[in-house]
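Here the structure is laid out as structure tokens; the discussion comes afterwards.
Only the coordinates and a few stated rules stand behind these numbers; no lab work does. Being a predicted model, the structure only gives us computed values, none of them experimental. Backbone-built Cβ (ideal geometry, glycine too); neighbour counts: all protein chains shown.
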């Protein structure tokens, strides 16, 4: 079953975030992931959760998403992201129904 990494981020340092963005896509692909949503236009229609820049990555499984997120290769990129953004990130099982 597919697994997803879902992130809601607010970029505070565009220069540092640009370095992250340039380097992360090939690593996502290396772990079998792909972008489904990458910060596109957003129209909030319900609720009060402050969505900013939404990113959804699909991986073959949550286990693969975890392997990506906790990998030694991602560690320096994660620091770039956390240094340049406020973020909420979750790993979510897909629906097999």
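Peptides 90-97, 72-79, 50-57 ordered by packing proxy, namely the average of other Cβ atoms within 10 Å per residue, highest first: 50-57, 72-79, 90-97. Put the Cα centre of the range 63-85 next to the Cα centre of the range 43-62 and the gap is 18 Å. Relative contact order for the chain: 53 percent, from Cα pairs under 8 Å spaced at least 6 residues apart, divided by residue count. Only helical runs count toward this figure. For the chain, summing -39,500 (n - 2.57) over DSSP H runs of n ≥ 4 and dividing by all residues gives -11000 deg cm²/dmol at 222 nm. For mean projected area of the Cα convex hull in nm², the value computed from the atomic coordinates appears in the list [x] 6.0; [y] 6.6; [z] 8.5 under label [y]. Placing a label point 7 Å from the Cα of residue 88 along the Cα-to-Cβ line, the residues of the range 1-16 whose backbone N sits under 15 Å from it are 6-11.
In a GNM of the chain with a 10 Å cut-off on Cα contacts, which of 80, 42, 27 has the highest mean-square fluctuation? Of the options given, 42 has the highest mean-square fluctuation.
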